[in-house]
Amino acid sequence: MNSTEKIIKTMSADQMSQVVAGVQADLDNEIIKTKQTLDQIDQNIFTCINNLKKLRRSIIISHYAKMKNNTDGHKNSQRDALLKNLDCEDETKDLSVFMTNLSNVSTQLRTESTSNIEELNKTILQNALPPASFIPKTGLIDLTFVIGNIVKISDSENEMKYKWTVYVRNAEEGVDNLIYIDKVTYFLHESYEPNHIVDVIKKPFSLTRHGWGEFVIRLRLHFKGNMNVQTDVYHKLCLNKDITVGIPMVAKEQTVKYNLLLHK
């Protein structure tokens, strides 16, 4: 029997209760201190997130200010769209993803189904959904869309370091022509087989992949209505290899116009 056990055996019930109460009080104090420490950590994370957002805004503004081909400000609309997106971002998610992948940023698969780029740029791509009872207009209709792609490059040595999103969006704010589209079929380079033909059936009709080179993507737009109206458009995927590492940028856009005869 050691000295501790001897002391315990000589203690009365009241003394034992006092010892237990003292241990419980010390434990409660430690729990309170730990909670206070966690609260301070949460506050520090919140401050870091706000500083990160300010830094990213500064980088975007600085990038467009220094662009040699933007002396007349014609690309400022892209800048303003990206700045607007920052207000809708989940910065906490971005920070968590960054910390998780800090030691190995090149392990993502090129067939990844979810896209951080899509999250970062959902304000550019996302349009209000039509009502469930939507019925497309019939007759001769003029429709205008913008076909484009966004790209983000990592500092990885992996050749699949380019993360791109190709999309179809409305050409004018407040005019939702996407409600006339039933689905978009993307025909990718054969190197993406067996996943080189992809149907996207809901807005914003965007597709994200990882890659290393540029190629021409064929998009087949299927319009609503029982006449099965469809048309093809070709988009040259632009990776814009001079962009800043880690910042998603609009690399290329083109406007397409259709004059379609749609029937019920």
Below 8 Å, C-alpha to C-alpha, sequence gap of six or more: please give me the relative contact order for segment 155-208 in percent. 40 percent
Entries in K54/K152; K66/K257; K53/K152; K33/K53 that, when Cα-Cα distance is taken, lie over 24 Å: K66/K257; K33/K53
What per residue convex hull volume, in Å³, do the alpha-carbon atoms of segment 147-264 yield? 110 Å³
Sorted by average packing, counted as other Cβ atoms within 10 angstrom per residue and highest first, what order do 29-41, 176-188, 52-64 take? 176-188, 52-64, 29-41
Please find the FRET efficiency linking V245 to L140, where r is the Cβ-Cβ separation and R0 is fixed at 51 Å, and quote it to the nearest 0.05. 0.60
If I stretch the segment between M16 and D42 completely, what's the gain in nm (0.36 nm per residue apart, minus their alpha carbon distance), one decimal? 5.5 nm
Give, in nm to one decimal, the length gained when the segment between N50 and E193 is fully stretched (0.36 nm per residue of separation minus the Cα-Cα distance). 47.3 nm
Cα-projected label distance for L260 with I59, points at 7 Å along beta-carbon direction, nm: 3.8 nm
For segment 172-229, listing GluC sites (Glu not before Pro) in a DSSP loop whose Cβ sees at most 10 other Cβ atoms within 10 Å gives E172, E173
Please compute the modelled spin-label separation between W212 and K9, points set 7 Å along Cα→Cβ, answer in nm with one decimal. 7.6 nm
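Values in this text are rule-based calculations from the coordinates and carry no lab data. Computed from a predicted structure; not experimentally measured. Glycine also receives a Cβ, built like all others from the backbone with ideal geometry; neighbour counts cover every protein chain displayed.
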